[in-house]
1. Starting at the first residue of the range 469-474, write each ³J(HN,Hα) from the Karplus equation 6.51 cos²θ - 1.76 cosθ + 1.60 with θ = phi - 60°, in whole Hz, x for Gly and Pro.
2. Note the full-extension length gain between Val21 and Asn168 as 0.36 nm times their separation in residues minus their Cα-Cα distance, in nm to one decimal.
3. Given the protein chains as shown and a 1.4 Å probe, how many square angstrom of Cys383 are accessible, to the nearest 10?
4. Run the dipole for the chain about the Cα centre, Lys and Arg Cβ at +1, Asp and Glu Cβ at -1, nothing else charged, and hand back the magnitude in debye, nearest 20.
5. DSSP loop GluC sites (Glu not before Pro) in the range 117-191 with at most 13 other Cβ atoms within 10 Å of their Cβ, which ones?
6. For the chain, with every protein chain kept in place, what is the accessible area per residue (1.4 Å probe, Å²)?
7. Looking at (1) 60, 22, 22; (2) 43, 22, 21; (3) 39, 25, 20, which value of semi-axes √(5λ) of the Cα gyration tensor in Å comes from a calculation on the structure shown?
8. Run the accessible area of the range 258-301 with a 1.4 Å probe and give the carbon-and-sulfur part as a rounded percent.
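The values are calculated or read from the model by the stated rules, or taken from the named source; none is laboratory data. Everything quoted here is computed from the prediction, not taken from an experiment. Heads up, the Cβs are rebuilt from the backbone with ideal geometry, glycines too, and the neighbour counts pull from every protein chain shown. Just the protein is used for accessible areas: all its heavy atoms, side chains included, with ligands, DNA and RNA removed. Shrake-Rupley method; radii C 1.70, N 1.55, O 1.52, S 1.80 Å.
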Amino acid sequence: MNMLQTHDSLVAADGVGDAPVGVIHAIRPGMRDGLGELVGEAAARFAGQAGFAARHGQVQLLPGADGSIATALLGIAEEAEGCDPFVFGALPDSLPAGLWRVSAPEDVAAADIALGFCLGAYRMPAFGREATPAAPGARLVVGPEGVVASQMAACMNMARSLINTPPNLMGPDELAAAAQAALLPAGAEVSILRGDRLAHDFPTVLHVGMGSERAPCVVEASWQGSTATDAAPLISLVGKGVCFDTGGYDLKPPSSMLRMKKDMGGAAIMLALARLIMLRDLPVRLELRLGCVENSVSGHAMRPSDVVRTRAGLTVEIGNTDAEGRLVLCDLLHAACARQPDLLVDAATLTGAARVALGPDVPALFSNNAETGAAFVAAGLSCGDPLWQLPLWPGYRKWLRSPVADLNNISSKPMAGAITAALFLQNFVKTDVRWVHIDTYGWNDSARPGRPEGGESLGLRAAYEATLKIFNIQDVMHH
């Protein structure tokens, strides 16, 4: 497979020919005493005088005898500190143009190196008069493991770009079109539900979107791997695609509204995960449902104290119009459960409470199955995409009671907001369906190696790894 088809920052080793290839040595702090054996004593002295301390993400270029640069050093964390592919994202912008390969300790997976390099080469879409900044000229030489890394990176970067797109250019129709563009070439069947069909099948999605001139829609897609039988595991993915969230009549303050183009991050991440599963041709059956909607203010918008009947037949009182994400998800989850999936996963930028509890880098995870939840947490830790499980604490269910409906969409208490949101969703999930809910941030507040400021696909790699583990799937060339 030609690496350039999936990520042009990678080059297959067998396509290099006689072209010169520079070497990057990944160095842990404890390895500095042996630096002279790797790069020569003169180069090691230069690195020391230049202040190279093998700090995590620190890059040091080393001049050769003729003054050219064909060797570099990259500081990485000690082994006990765990997997961090993002550190290799420091390389693309730090290296001279040309071909490079990484020499790393044996416990560092080659696929992680390639993945981090690709993520560091990502460029946010540009919409001004200036052209999009040129991609870094440095390219990484990789072996067969680069295929899965490049596909993973391409899907993650697709999610990033969707989240980063300005909201006037990424409304419900545009998000649905992006889903079609990503899924149809991979062989999926895709339907987009609007109008009367939406009112019948997904009434809460329609209710959330009533205030916007940009009408809501739901994307439904299905796919089956080339080796999957009709008895293969059915994986169902659900994503919250609120393309912009004003908060509705319970209007957000300006500071909170600034980043609300990212409120479709859950849909972007689930779409990217679906595309990755298809590209890797996993032996599964797959379904995807995305609620594409805008939460706006107008004379047609939903109001606090509205009562809406869900697809499941339960009625919901609108206690707060800014708690719209759970309304988008509840009908989608109910529709997914009708197909009796072997695994149901949803992702959403759902609550600020999850960020208060866990910060921006660690999505909150909820599951109605202890073994499944543990598998997702373990997978996240193993691949450097951490998730942290919070409880579906039954004692808080009564906080969602309403005097006029079956449920209220917000809690009566100002505490445990991420938990009560998950408990709300659980009402629409069959008890015999293994379900995982990921409350993610979908954003990097500041730039770090491999993680530029802007949209981020937090939870995607963990969900992919967990899927492989749960269904005992051996992904060819996967680390």
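1. Values, residue by residue: 5, 4, 9, 6, 9, 9 Hz.
2. Here the answer is 48.5 nm.
3. Roughly 0 Å² of Cys383 is accessible to a 1.4 Å probe.
4. With only Lys, Arg, Asp and Glu charged at Cβ, the dipole is about 1100 debye.
5. Loop-located and lightly packed - Glu130.
6. 40
7. Computed from the coordinates, semi-axes √(5λ) of the Cα gyration tensor in Å corresponds to (2).
8. Percent of accessible area from carbon and sulfur atoms in the range 258-301: 50.
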